[in-house]
């Protein structure tokens, strides 16, 4: 990209940036797809790359290859996304282990059936407080055992949107359930 085009874009010429995006999007999508193997996630990373590039266009030095600069930007966004997914997987694994221990402990007590029934009722009350779309995501994922990819396709959303929404929803449900168990009624 030459300095004239760069300055036009910095000055707010979105049409000029649109031309730059169209000129590089196929190359960048191929780059992201080779690294991720997931079309939807690759498209999302490319969109984020163009947004980041636009925000940091003043840092680009004319004379450098703009495509390489985009690939480097995309590479770091991909690495960040992969690290985030790895952390989420690790946290989920730890949560499953903790849940298994809690279930085993509860099964060893005499009052487990009553306590479990009460906890499930409180959890259902917390799920009922969610918005319709969020409650439907929870139902599809945890009751109907649908994968995040299947849910994303059904909802016409990205897998990242589904996983992020479910992660936030789990936090909301956990807080609601904890409050409900402490107070004795769902809050």
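All of the numbers you see were taken from the coordinates with simple rules; none came from a lab. Being a predicted model, the structure only gives us computed values, none of them experimental. When we count neighbours, we look across all protein chains shown, and the Cβ atoms used for this are built from the backbone with ideal geometry, even at glycine.
The Cα center of segment 131-168 and the Cα center of segment 26-61 differ in position by 25 Å. In this rough spin-label picture, where each label sits 7 Å from Cα along the Cβ direction, the residue 181-residue 26 distance is 5.6 nm.
Think of it as helices only: each DSSP H run of n ≥ 4 in the chain is worth -39500 (n - 2.57), and spread over all residues that comes to -27000 deg cm²/dmol at 222 nm. Its Cα gyration tensor gives segment 110-183 an equivalent ellipsoid. The semi-axes, each the square root of 5 times an eigenvalue, are 26, 13, 9 Å from largest down.
Between the Cα long axis of helix 66-108 and the first principal axis of the chain there is an angle of about 0°, rounded to the nearest 10. Working from label points 7 Å from Cα in the Cα-to-Cβ sense, the residue 76 to residue 56 distance is 0.3 nm. Only one of (i) 76, 28, 27; (ii) 92, 56, 38; (iii) 152, 53, 19 was calculated from the structure for Cα extents along the principal axes in Å, and its label is (i). Taken along its principal axes, the alpha carbon cloud of segment 3-80 reaches lengths of 36, 21, 17 Å, longest axis first.
Per-residue packing, averaged as other Cβ atoms within 10 Å, sorts the ranges 41-51, 6-16 into the order 41-51, 6-16, beginning with the highest.
The relative contact order of the chain comes to 18 percent, based on Cα pairs under 8 Å that sit 6 or more residues apart.
One chain, two ends: residue 83 and residue 149. Fully extended at 0.36 nm per residue, the span grows by 21.8 nm beyond their Cα-Cα distance.
Helix 14-36 versus the longest principal axis of the chain: what angle, 0 to 90°, nearest 10, using Cα atoms? Relative to the chain, helix 14-36 is tipped by roughly 60 degrees. To the nearest ten degrees, helix 39-55 and the longest principal axis of the Cα atoms of the chain are 60 degrees apart.
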